[in-house]
Amino acid sequence: MGGSTKMVELEHQHRDRLITLFTSAFSQYPLFEILLAHSEDRSGTEIRDIITFWVDIYLSNGYQLIGCIIDNMLIAGAMITPPDAEFDTKGIEELSKRLIDQIGQDMFVRLEDFENATESGLPLKTHHNLGILAVDPEFQRRGIGRLLIEHVSTEAALHATSSGVCLTTEALENVGYYQSLGFTTITQVTVHGIESWGMRLDL
């Protein structure tokens with residue numbers, strides 16, 4: 001892999017770099033392609049607004065954002081929600097209002113519908129949820145994604161009430177990848193024209 005590689009828990013000081021990393025990795029992702037299909041803004045601003053919304057929810061609630069750093073550069077990250085998670089409702093309402101101002105009510109509703117439908121079949125009360133996992137395009141296909149998933153699996157194994165890891169993906173090629181790591185497909189839904197697969201790894 002080259003260089004000094006380490007896994008760290010990310011804090012507010014990593015916020016801007018993490019948002020840039022996630023935005024770059026998901027700029028061509030099916031979810032955003034369809035959400036932005038009728039948008040006049042194709043510059044990536046709305047994608048960054050949505051990513052910022054998700055990252056700030058995690059930071060404000062103290063949930064885990066983990067990253068892989070090589071030679072002091074953050075090159076991969078993941079968002080993890082434990083099974084006993086309790087979100088700050090007031091904080092989310094404030095962040096939601098900000099996002100609606102940025103992307104508009106219609107797009108926000110489509111995003112909310114999508115999240116509710118895709119997460120409804122996941123074992124969120126018994127498993128860690130891997131919300132986002134992204135690797136800088138320049139560092140992909142080097143086993144870094146596997147390292148992040150192994151780290152999340154270790155966190156789940158050490159957690160008192162967690163039975164494993166669950167996630168969703170909207171890219172068909174990712175289904176086979178996660179299956180190679182031991183995940184099984186438990187749901188398959190289509191929302192607003194976006195196909196999504198729910199997967200779980202039992203430990």
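How many of the residues making up region 136-154 are touching a Leu at 6+ places or on another chain (Cβ under 8 Å) and either buried (at least 18 other Cβ atoms within 10 Å of the Cβ) or hydrophobic (A, V, I, L, M, F, W, C) (or both)? Spell out how you get there, then give the answer.
Narrowing region 136-154 to residues touching a Leu at 6+ places or on another chain (Cβ under 8 Å): 136, 145-146, 148-149, 152-153.
This time we only want the ones that are either buried (at least 18 other Cβ atoms within 10 Å of the Cβ) or hydrophobic (A, V, I, L, M, F, W, C) (or both), so: 136, 145, 148-149, 152-153.
Total satisfying the criteria: 6.
Within region 94-117, can you find the residues that are in contact (Cβ under 8 Å) with a residue 40 or more places away in the chain and either more than 25 Å from residue 197 (Cα to Cα) or not in a helix (DSSP H, G or I) (or both)? Break it down stepwise before answering.
Of all residues in region 94-117, those in contact (Cβ under 8 Å) with a residue 40 or more places away in the chain come to 95-96, 98-99, 102-103, 107, 110-111, 113-114, 117.
Those that are in contact (Cβ under 8 Å) with a residue 40 or more places away in the chain and either more than 25 Å from residue 197 (Cα to Cα) or not in a helix (DSSP H, G or I) (or both): 95, 96, 98, 99, 102, 103.
Hey, could you check region 152-178 for residues that are in a loop (DSSP other than H, G, I, E, B) and among the hydroxyl-bearing types (Ser, Thr, Tyr) and say which is farthest from residue 191 (Cα to Cα)?
Only one residue fits best here, namely 161.
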Can you work out which of the residues in region 163-178 that are loosely packed, with under 14 Cβ neighbours inside 10 Å and of a type outside the set (Gly, Ala, Ser) is farthest from residue 30 (Cα to Cα)? 173
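Each row is one residue, and each column tells you yes or no for (1) in contact with a Ser or Thr (Cβ under 7 Å, 6 or more places away or on another chain); (2) surrounded by 13 or more Cβ atoms within 10 Å (Cβ to Cβ); (3) part of a helix (DSSP H, G or I).
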{"site": "52", "(1), (2), (3)": "no, yes, yes"}
{"site": "55", "(1), (2), (3)": "no, yes, yes"}
{"site": "60", "(1), (2), (3)": "no, yes, yes"}
{"site": "67", "(1), (2), (3)": "no, yes, no"}
{"site": "78", "(1), (2), (3)": "no, yes, no"}
{"site": "83", "(1), (2), (3)": "yes, yes, no"}
{"site": "86", "(1), (2), (3)": "no, no, no"}
Which numbered condition residue 190 fails, given (1) buried (at least 16 other Cβ atoms within 10 Å of the Cβ); (2) part of a strand (DSSP E or B): (1)
Restricted to region 53-72, and to residues that are of a type in the set (Ser, Thr, Tyr) and more than 11 Å from the chain's Cα centre (by Cα), which residue is farthest from residue 145 (Cα to Cα)? 60
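Of the residues 94, 115, which single one is farther than 16 Å from residue 166 by Cα and either surrounded by fewer than 15 Cβ atoms within 10 Å (Cβ to Cβ) or out of contact with any strand residue (DSSP E or B) (no Cβ under 6 Å at 6 or more places or on another chain) (or both)? Show your work before the answer.
Values: 115 fails: farther than 16 Å from residue 166 by Cα.
None of the others qualify; the one that does is 94.
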Residue check, residue 129 at pLDDT 90 or above and crowded, with 17+ Cβ neighbours inside 10 Å: yes
On the basis of being of a type in the set (A, V, I, L, M), crowded, with 18+ Cβ neighbours inside 10 Å and in contact with a His (Cβ under 8 Å, 6 or more places away or on another chain), does residue 103 make the cut? no
Tell me, which residue of region 1-34 that is among the β-branched types (Val, Ile, Thr) and in contact (Cβ under 8 Å) with a residue 60 or more places away in the chain is nearest to residue 116 (Cα to Cα)? 34
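The values are calculated or read from the model by the stated rules, or taken from the named source; none is laboratory data. Computed from a prediction, not measured in an experiment: that's the story for all the values here. With ideal geometry, Cβ positions are generated from the backbone for all residues, glycine too; neighbour counts draw on all protein chains shown.
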